[in-house]
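Engineer: Before I ask anything, let me first share the structure, which is written out below as structure tokens.
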Amino acid sequence: MNQASNLENLMKAPATQKGKTKFIAITSGKGGVGKSTISANLSYTLCKMGYKVGVFDADIGLANLDLIFGVKTNKNILHALKGEAKFDEVIYPIEDGLYLIPGDSGDEILKYANQDILDEFIDGSRLLDSLDFMIIDTGAGIGEVTRAFLNASDYVVVVTVPDPAAITDAYATIKINSKTKTELFVIVNMATSQKEGMGVFTKIQNVAKKNLSGLELNLLGTLISSDAVKKSTKYRELLCRVEPLSNFSFSIKQIAKMIVSKVEQNMLETPKENFSGFFKRILGYL
């Protein structure tokens, strides 16, 4: 009852000053499709394009962005909500203009959510209010916590690979999100060719057109499997940083440009809240 009351009061609280940050959730129907690798390299590429970017590691139980970025994280967002750390202590700078925020269990976040802590949380998040993009690396599947992050995001990108099971799970994720989103994006990873990637997307799109009326599904790009990608995954390296001229890095940059273009097309839309407002929406969905 107390938790429900806290959440009810939370949602009635006056909205904070709206920011320009766009929240982009990277998700997948199943694990092992390279979602975290894409999240890390996409955020790094957007930063190199001149944007201020944050990355929220919301892949509960499998958080590994700190390893990919090569930074040591001792505390996460739950420590801040529990009052065990200041919020700026759980924002880890990767480099100028790029920041990592480690996450934790959604159930634990809900347990410690209350108005006093959230007020401190909001006061400590001023740095993040100036971000252009926040990349949310969510967990795989359609669990309650993952859905909360997806519902609260401005854009949802579904990652899949050319595997029948992955494609089926990707479609299930798209179907669930079509209930709250009119537009979704797809990245086909680990393909043998651009043709194969387009074939996977076309298959998903055809089924969606027949069953999900009103949904606009867009292909952001296809990422080709290569030894460089496999090596970077094995050694937890940021491929766009160590091999900026690779085909993978080029493709990630094209995807980043498409995202920026889409955001610019929607600039006339009313902006959503800043990071603190985004977190309020997550708690509301939970």
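The values are calculated or read from the model by the stated rules, or taken from the named source; none is laboratory data. If you're wondering where the values come from, they're calculated on a predicted model, not measured in any experiment. For neighbour counting, all protein chains shown are included, and Cβ atoms are generated from backbone atoms with ideal geometry for every residue, glycine included. Please note that ligands, DNA and RNA were not included when accessible areas were found on the heavy atoms of the full protein model with its side chains. Shrake-Rupley method; radii C 1.70, N 1.55, O 1.52, S 1.80 Å.
Engineer: In the range 221-237, what residues are in contact (Cβ under 8 Å) with a residue 40 or more places away in the chain and either out of contact with any strand residue (DSSP E or B) (no Cβ under 9 Å at 6 or more places or on another chain) or open to solvent by 10 Å² or more (accessible area, probe 1.4 Å) (or both)?
Structural biologist: Once the filter is applied, which keeps residues that are in contact (Cβ under 8 Å) with a residue 40 or more places away in the chain and either out of contact with any strand residue (DSSP E or B) (no Cβ under 9 Å at 6 or more places or on another chain) or open to solvent by 10 Å² or more (accessible area, probe 1.4 Å) (or both), the range 221-237 yields Val229, Ser232, Thr233, Arg236, Glu237.
Engineer: For the range 164-181, what are the residues that are in contact with a strand residue (DSSP E or B) (Cβ under 8 Å, 6 or more places away or on another chain) and open to solvent by 20 Å² or more (accessible area, probe 1.4 Å)?
Structural biologist: Of everything in the range 164-181, those that are in contact with a strand residue (DSSP E or B) (Cβ under 8 Å, 6 or more places away or on another chain) and open to solvent by 20 Å² or more (accessible area, probe 1.4 Å) turn out to be Ile167, Asp169, Ser178, Lys181.
Engineer: Select from the range 72-105 the residues that are over 26 Å from Lys48 (Cα atoms), of a type outside the set (Asp, Glu) and surrounded by 13 or more Cβ atoms within 10 Å (Cβ to Cβ) and list them in ascending order.
Structural biologist: Residues satisfying the conditions are Lys75, Leu78, His79, Ala80, Leu81, Lys82, Ala85, Lys86, Ser105.
Engineer: Every residue in the range 188-221 that is under 18 Å from the mean Cα position of the chain (by Cα) and closer than 11 Å to Pro162 by Cα, please.
Structural biologist: Step one: list which residues in the range 188-221 are under 18 Å from the mean Cα position of the chain (by Cα), which gives 188-189, 217-221.
Across the range 188-221, the qualifying residues are Val188, Asn189.
Engineer: Does any residue in the range 139-150 that is under 15 Å from Lys181 (Cα atoms) come within less than 6 Å, Cβ to Cβ, of a residue that is modelled with pLDDT of 80 or more and surrounded by fewer than 21 Cβ atoms within 10 Å (Cβ to Cβ) six or more places away or on a different chain, and which pairs are these?
Structural biologist: Ile142/Ile176
Engineer: So is Asp132 open to solvent by 30 Å² or more (accessible area, probe 1.4 Å), within 25 Å of Val157 (Cβ to Cβ), at pLDDT 65 or above and in contact with a strand residue (DSSP E or B) (Cβ under 9 Å, 6 or more places away or on another chain) or not?
Structural biologist: yes
Engineer: Let me ask something else about it. Restricting attention to the range 135-149, which residues are open to solvent by less than 20 Å² (accessible area, probe 1.4 Å) and either more than 19 Å from Ile255 (Cβ to Cβ) or out of contact with any helix residue (DSSP H, G or I) (no Cβ under 6 Å at 6 or more places or on another chain) (or both)?
Structural biologist: Gly139, Gly141, Thr146, Ala148, Phe149
Engineer: So which residues in the range 89-111 are modelled with pLDDT of 65 or more and hydroxyl-bearing (Ser, Thr, Tyr), if there are any at all?
Structural biologist: Tyr92, Tyr99
Engineer: List the number of the failed condition for Asn218; all other conditions in (1) in a strand (DSSP E or B); (2) open to solvent by 60 Å² or more (accessible area, probe 1.4 Å) hold.
Structural biologist: So Asn218 meets the others, but not (2).
Engineer: Mind counting the residues in the range 135-175 that are at pLDDT 95 or above and among the β-branched types (Val, Ile, Thr)?
Structural biologist: Here the count works out to 11.
Engineer: Given the residues Gly50, Gly61, which is the only one that is outside any helix (DSSP H, G or I), surrounded by fewer than 18 Cβ atoms within 10 Å (Cβ to Cβ), at pLDDT 90 or above and out of contact with any Pro (no Cβ under 6 Å at 6 or more places or on another chain)?
Structural biologist: Exactly one residue qualifies, and that residue is Gly50.
Engineer: Considering only the range 232-251, state which residues are touching a Leu at 6+ places or on another chain (Cβ under 6 Å) and assigned to a helix (DSSP H, G or I).
Structural biologist: Ser232, Phe248, Ser251
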